Amino acid sequence: MENKEKNFASSIIYVHNAEKRIEEFFGTIINVMENNFEHSEIICVNDCSEDRSVEMIKKISEKATSTSVSVVNMSHFHGLELAMDAGMDLSIGDFVFEFDNTVLDFEPEMIMKVYSHSLEGFDIVSASPDKKAKLTSSLFYKAFDRFSDVSYAMTTESFRVLSRRVINRISSMNKTIPYRKAVYANSGLRTDNLKYQIKQISNDRLDKRERKYRSGLATDTLILFTDLGYSFAKCMTVLMMLMSIFTVLYAVIIFVTGSPVEGWTTTVLFLSAAFFGLFGILTIIIKYLQLIVNLVFKRKHYNFESIEKLTK
């Protein structure tokens, strides 16, 4: 290809126990980068793989002629988010591709399709398989969309491309946020998602350590970025308050019309009032904790999509 892209492209690939997939995937990324970009780099983040993944990366990298290849070896298992952050900090591209896994279930042309779409004015463009999401993933994204104020609908993504403007903006935001996609959705920049037809179904499964990590990440994300916890606390508070009121009325009726055991009415009234106040206090505490989380993890000044100069 004679007319290659002038923009510098960086590709960050997350690698964890991927020896069965890495040869085809890595070779494809090398070909796409070298055939379409004058200057490019590939950063493989090895998240404490216990197989021959790194050995195969070094072997395949010998095929690279114009693109630079680096391997970042994490000191211990960090999980997808922190590992990709490490690769992002080392990248220097004008555009950065993030490959969250090494499953090549898309045609190589999809990579450049996503890149070309980003040149149409989108700072973040992701690619998702056109298939029904897993039940757990579907429930997570529905809960996230329902209880967060993010306008961008979350979905399962295989890879995405980011402009340098996105990277510069999120670098000025809180770097301790544990979920990149939530950061991108809150960046205020134009975002889009493209669907692709799956060319082959992968039977590879996450190992036990990755499954545990992703489950914990989902829980942390819902707590940090949504009002799910506070909404649940409010519902439980209203329910318990109604039950307390009902119990108080019941105790008064029994006291007036019946012959309760001595001290029974007083005890029931006290417990009802105590539970009523306890759940009210817990709701206030949860609200304060939510405010603290917003200040610590979601600290930002303002976001804008673009600036248009209307006069000279």
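Quick note: the coordinates plus some simple rules give every number you see, no bench work behind them. Just so it is clear, the structure is predicted and the values come from calculations on it, not from any experiment. Cβ coordinates were reconstructed from backbone atoms using ideal geometry, including for glycine residues, and neighbour counts include every protein chain displayed.
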#### Entry: Rounded to 5, percent antiparallel among DSSP beta bridges of the chain
25 percent
### Task
With a cut-off of 14 Å, note down the residues of segment 22-65 whose backbone N falls inside the zone around a label point 7 Å from the Cα of Ile92 toward its beta carbon.
39-43
### Message
With 10 angstrom as the radius, rank Glu98, Glu210 by how many other C-beta atoms surround their C-beta, starting from the fewest.
### Response
Glu210, Glu98
### Task
Treat every Asp and Glu Cβ in the chain as -1 and every Lys and Arg Cβ as +1, leave all other atoms uncharged, and give the resulting dipole magnitude about the Cα centre to the nearest 20 debye.
780 debye
### Query
How much FRET efficiency would the formula 1/(1 + (r/R0)^6) give for Arg52 and Ile223, where r is the Cβ-Cβ distance and R0 is 35 Å, rounded to 0.05?
0.40
### Summary
If unit charges are put on Cβ atoms (+1 for Lys and Arg, -1 for Asp and Glu) and the dipole of the chain is taken about its Cα centre, the option from Thr283, Ser91, Val161 lying farthest towards the positive end turns out to be Thr283
## Note on the structure
Most exposed first, judged by fewest Cβ atoms within 10 angstrom, Thr136, Thr226, Thr28 run Thr136, Thr28, Thr226
### Task
Go from 0 up to the bin containing the longest alpha carbon distance in the chain, width 10 Å each, and give me the % of pairs per bin.
5, 22, 28, 18, 10, 7, 5, 3, 1, 0
### Task
Would you mind telling me which residue in Arg52, Arg21, Arg209 has the biggest mean-square fluctuation in a Gaussian network model of the chain, where springs connect alpha carbons within a distance under 10 angstrom?
Arg209
### Message
Can you tell me what share of the DSSP beta bridges in segment 1-114 is antiparallel? A percent to the nearest 5 is fine.
### Response
0 percent
### Summary
Across all Cα atoms of segment 228-297, Rg and the largest Cα-Cα distance (Dmax), in Å, are 16.5, 57
## Note on the structure
Here segment 99-114 yields Karplus 3J(HN,Hα) values (6.51, -1.76, 1.60; θ = phi - 60°; whole Hz; Gly and Pro given as x) of 10, 6, 7, 10, 8, 8, 9, 10, 6, x, 4, 5, 4, 6, 5, 5
### GNM result for the chain, Cα springs below 10 Å: residue of Tyr184, Tyr141, Tyr250 fluctuating most strongly
Tyr250
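Would you mind calculating the relative contact order of the chain from Cα pairs under 8 angstrom and at least 6 residues apart, reporting the percent as a whole number? Before the final figure, lay out the partial values.
Numbers: 441 pairs, mean separation 51.2, N = 312.
After rounding, I find 16 percent.
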#### Entry: Highest-first arrangement of 74-84, 6-16, where packing means the average Cβ count within 10 Å
6-16, 74-84
### Message
Using helices alone, I'd like the mean residue ellipticity at 222 nm for the chain: each DSSP H run of four-plus residues gives -39500 (n - 2.57), total over residue count, nearest 500.
### Response
-16000 deg cm²/dmol
